[in-house]
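What follows is one structure encoded as structure tokens, with my remarks underneath.
Each value in this text was obtained by applying a stated rule to the coordinates, not by laboratory testing. Since the structure is predicted, the reported quantities are computational estimates derived from the model, not experimental observations. Please note: Cβ atoms are built from the backbone with ideal geometry, for glycine as well, and neighbour counts cover all protein chains shown.
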Amino acid sequence: MRPSLSSTPFRTFVVAPALVLAEQVVSRRRVRLRWLPALAWGFAQYRLAGRYRITRAGGPPGLSQGRPQRLVTSGPYAVSRNPMYLGHLVFLAGLTALTRSPLAVAVTAVLVPWFDARARADHARLVSLFGEPYRDYATRVPRWLPGLPTDRP
């Protein structure tokens, strides 16, 4: 399978860092290496949460690729309803902190609301697929992180 620009992971984990690092080379800005763990954490969270869900739901990697067969509410999905998207956001925040790049800030500023809209659309699809069990899950588990005031359905 060949990566494409229509792939969200390819855009987040390959295209955005390549563009920002190219900007860093051209502008001769130094990166702050202490933020590298945030990039690793974000990518690992995305991959591991995805693998966890796929092995338990029996469905494809994303809702756009097909319907999950089961609702996954354990593991990382017991803490956040969107741990894969959250991994993208942690990665982008790390990229921004690592580079202090205006381009990274702009990319992150565009993608945060895009991921939020995508999570809200996924919520609607999952309500239609799983009904009351998903609604109950959504009242117990936040969309993003525990403690955020606007994080419930």
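Descriptive notes on the structure:
- Just one of the listed residues (Tyr77, Tyr85) is closer than 19 Å to Pro142 by Cβ and touching a Pro at 6+ places or on another chain (Cβ under 7 Å), namely Tyr77.
- Condition met for Leu36 (at negative phi, touching a residue at least 40 places away in the same chain (Cβ under 8 Å) and out of contact with any His (no Cβ under 6 Å at 6 or more places or on another chain)): yes
- Within segment 121-145, the set of residues being farther than 27 Å from Leu19 by Cβ, surrounded by fewer than 15 Cβ atoms within 10 Å (Cβ to Cβ) and under 16 Å from the mean Cα position of the chain (by Cα) comprises just one member, Leu145.
- Put simply, of Leu145, Leu71, Leu126 the only residue that is aliphatic (A, V, I, L, M), over 17 Å from Gln45 (Cβ atoms), assigned to a loop (DSSP other than H, G, I, E, B) and out of contact with any Leu (no Cβ under 7 Å at 6 or more places or on another chain) is Leu71.
- Residue in segment 91-113 that is among the aromatic types (Phe, Trp, Tyr) and either under 25 Å from Phe130 (Cα atoms) or surrounded by fewer than 17 Cβ atoms within 10 Å (Cβ to Cβ) (or both) present: no
- Which listed residue, of Val20, Val31, is in contact (Cβ under 8 Å) with a residue 60 or more places away in the chain, not basic (Lys, Arg) and not in a helix (DSSP H, G or I): Val31
- Residue in segment 111-122 that is without any contact (Cβ under 8 Å) to a residue 60 or more places away in the chain, assigned to a loop (DSSP other than H, G, I, E, B) and not acidic (Asp, Glu) present: no
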